[in-house]
Number of protein chains: 2
Amino acid sequence: MAHQQLPDRLPSQHSQTPPDGGGPAAHPPPAAAATRTRTRPPQPPAPGGSPPADNGDTGTSTIMNAEPYDATPPGGGTAGEVLTRYLHERAAAFLRGLSLRGENEADADALLRGSARRIGGVLHIYGPLTDPGWAEPLRAELGWLSTTLGREPQYAARLTRLLDALRRLSITVDDQEAVTVGGAPPPAPSGGPLALGAARAGALLERQLTLARTRAHSASLQAMGSSRFHALADAIAVLVSEVPLAPAAAAPATAVMPPLAGQAYKRLADAAAALPLHRAAHPYNADAVQASLGADLTADLQDAPWHQVRILLRLSRYAAEVTRPEGDTADRQRLTDAAALLERHREAAESAAAVAAAARTPRIAPATAYALGVLHADQRHEVEAARFAFSRLWQTAVPGPRGR
Amino acid sequence: MAHQQLPDRLPSQHSQTPPDGGGPAAHPPPAAAATRTRTRPPQPPAPGGSPPADNGDTGTSTIMNAEPYDATPPGGGTAGEVLTRYLHERAAAFLRGLSLRGENEADADALLRGSARRIGGVLHIYGPLTDPGWAEPLRAELGWLSTTLGREPQYAARLTRLLDALRRLSITVDDQEAVTVGGAPPPAPSGGPLALGAARAGALLERQLTLARTRAHSASLQAMGSSRFHALADAIAVLVSEVPLAPAAAAPATAVMPPLAGQAYKRLADAAAALPLHRAAHPYNADAVQASLGADLTADLQDAPWHQVRILLRLSRYAAEVTRPEGDTADRQRLTDAAALLERHREAAESAAAVAAAARTPRIAPATAYALGVLHADQRHEVEAARFAFSRLWQTAVPGPRGR
């Protein structure tokens, strides 16, 4: 097993906390972690600055992920060493997130989610390097956790997005810089029935999404207290010290890892190539709004290939984090930008679906329904705008893995 | 008066009818026309192929306007001669439209409208060349006529546009080429409540716009039978033979007309420069949809400068028709394209307003209101798309009048 080759990594991982943080980062000793059944590490949380709020999906907000890793010479070490180092770091971040939960739940969950997604993703990409009997079940549990924890912030973000959009759509002449011609007198501000409908639509969405958020929060709490989670946390605690590697991991990293990252990238490139990029790069193609009034399934079917690319893009980003620890900043930035655009795509698509669902509420007023209709179409246009931006970015600069 | 200098133009205007048309084009002799009170010329309509359907505004559809005029050397003749020739042609087209009315009302009205707009526009641009005491009242009457006749086709076009958009927005997975991922099974087609709402919204719009169209048709018929119209037709009949010119018209065309066309163009260029072109040229700026749920006035104020440019663009096109009879096809095409885009802008803006008005119908079902909301936002996005296209066109190729 390769983890013995990197004993000095564990104490040094506190270098990721800001310099004003006192003392080495706390994490349970491997032996203790392996036998604990309580998941909260007994040590106090690392006192460094509060961890970055990682919404995870966009990859734009985390200091943790944006900074280059401690230098691992690209040519040096076995694949097992490189992979182990990365998984150690993520596992330590996971445990740090756990210990943070009492302090700042949102930040802690973001850290847990981001770490869980990365560990799961990397175990997927570099699957041949690890023991499949160990990695497969762990990946499933990590997926469960990040999905469960991800719901609450998603509902919160969706509500913010939709209320912002409603405000934008209800702008009155007083609010905006009125462009007048021929010296028309500035009209008196007037709300009118449409503005009332917008206000009601906002209240309806707020009720529904707040309820969904509260439920998601309860589900998160329940999950965090479950024995299922405790078992997962234990498995991660073990990962801090030991990664069950496969024989293939003994090969040099430069020989084994780039082809695996390349496979991940190829899946991404193939999926992206299957998207209607050419059409999407033509502004105002009105594709995304096309099925606004048809069955929900139509929009879902249309969006699914884009969501798929978003997920594959994330995997490629994680693969790059492992194999290019020094980071080719320009290339990685492009991957990050592309991911952010597809995250916007997902948010808009899901927001549009939430609006359509709200419109099915029985006994709403026609003005409310009208405002929801406008909002739905607006969000579908945001979907289209995100596709447009992604298509332009992807067609001009296709980032690929190095080292092949 | 200059009309005596061009006696050969009148018989030759039948050259605008296809060669298979028999006999010279019919129009009343000037003397008879001046004293008639009946407006229908007694002669049979020109038997040439049916005149092109001129919706007038876009300037893209008329063979009559697209073909170069009979050559007038740009350097030759007085301003009065050039102007008189153009007005003769338009007046003859007007009378041809009149005589066509019994045959094909829509085509006839389009011809009447197009001629009325051109005569009025040219009298405006080249005002200093004509007797203002004669031109100003005539322009007002021409404006009344083209507005009155224009309403019916506008309602018809609006209904077609909105029903098409509803169809596009209600597309189901069966209709479109479903993009599936991972071999998802093709779902069963389902209408659902949204599709029902779309159908009801379509029926509501059809009822309302058909009613408006019928009323507009009655108003047109009433106008055509009015003494006001008869007086106007008489004035146009006089125009076939005689244009009351001002002394300035005796100057060479090359000296007098280009500055006047230049003024018209300058007004256009200034108005276009005042538009938020830079912002509009950025796709998906979401400007046009901004005020969808605010007061109607907000959208109106936002659209007005663009409508203004549309009108000024039309005047510049007419000015070009007079002074550049041979036609600089590339430049004129750009003007025509720009005009078509702003016409699309107007249609989308007015369609959006019609949808908002329909949404205020009492006691509509929420699903209907929702569909109308989606449709409204869709049309406001069409507004934005038209602005985008216009901005791109205008910023890259600003057509200007020659001969300055």
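The values are calculated or read from the model by the stated rules, or taken from the named source; none is laboratory data. On a predicted model such as this, the values are computed, not experimentally measured, just so you know. Virtual Cβ from ideal backbone geometry, glycine too; neighbours counted across all protein chains shown. For the accessible areas, the whole protein counts, side chains as well, though only heavy atoms, and no ligand, DNA or RNA atoms are used. Shrake-Rupley method; radii C 1.70, N 1.55, O 1.52, S 1.80 Å.
Just to confirm the filter: which trypsin sites (Lys or Arg not before Pro) across the stretch A:358-391 are DSSP coil and have at most 13 other Cβ within 10 angstrom of their Cβ? Display every interim value, and only then the final one.
Numbers: sites: A:R360, A:R363, A:R380, A:R387; in loops: A:R360, A:R363.
Sites meeting the loop and neighbour criteria: A:R363.
Full extension from B:T147 to B:D131: what is 0.36 nm times the residue separation minus their Cα-Cα distance, to one decimal in nm?
On the way: separation 16, 0.36 × 16 = 5.76 nm, distance 2.41 nm.
Taking 0.36 nm per residue and subtracting the Cα distance, the gain is 3.3 nm.
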Next on the checklist: Give the average, rounded to an integer, of partner chain Cβ atoms located within 10 angstrom of each Cβ in A:378-391.
Outcome noted: 3
Item to check | Pseudo-label separations to other copies for B:Q222 - Cα-to-Cβ vector, 7 Å, nm | outcome: 6.8
Item to check | Nearest beta-carbon to the A/B symmetry axis - residue in chain A, distance in Å | outcome: A:G373, 1
Item to check | Calculated label separations, B:R279, copies of the chain, 7 Å along the beta-carbon direction, nm | outcome: 3.2
Checklist outcome for this item: Under 18 Å by backbone N from the virtual spin label 7 Å along Cα-to-Cβ at B:K266, the residues of the stretch B:102-145 are B:124-129
Checklist entry - Mind ordering B:231-244, A:88-101 by average Cβ neighbours within 10 Å, highest first? => result A:88-101, B:231-244
Next on the checklist: Taking beta carbons within 10 Å but only from partner chains, what does the mean come to for residues B:280-290?
Outcome noted: 4
Checklist entry - Considering every residue in B:358-371, what mean count of other chain Cβ atoms within 10 Å of its Cβ is obtained? => result 6
Next on the checklist: Residues of the stretch A:260-295 with backbone nitrogen within less than 20 Å of a virtual label 7 Å along the Cα-to-Cβ line of B:R167, please, listed as ranges.
Outcome noted: A:285-295
Checklist entry - Which distances, in nm and shortest first, link the B:R167 label point to the same label point in every other copy, taking 7 Å along Cα→Cβ? => result 4.1
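From the P(r) of the stretch B:247-391, can you give the percent of Cα pairs sitting at distances over 17 Å?
On the way: 6807 of 10440 pairs.
Tail of P(r) above 17 Å: 65 percent of Cα pairs.
To the nearest 100 Å², how much accessible surface do chains B and A cover up together, summed over both, with a 1.4 Å probe?
Numbers: alone 18630 and 18710 Å², together 32500 Å².
So the buried area, both faces added, is about 4800 Å².
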Checklist entry - Given labels modelled 7 Å from the Cα in the Cβ direction, how far is it in nm from A:E105 to A:L221? => result 0.6 nm
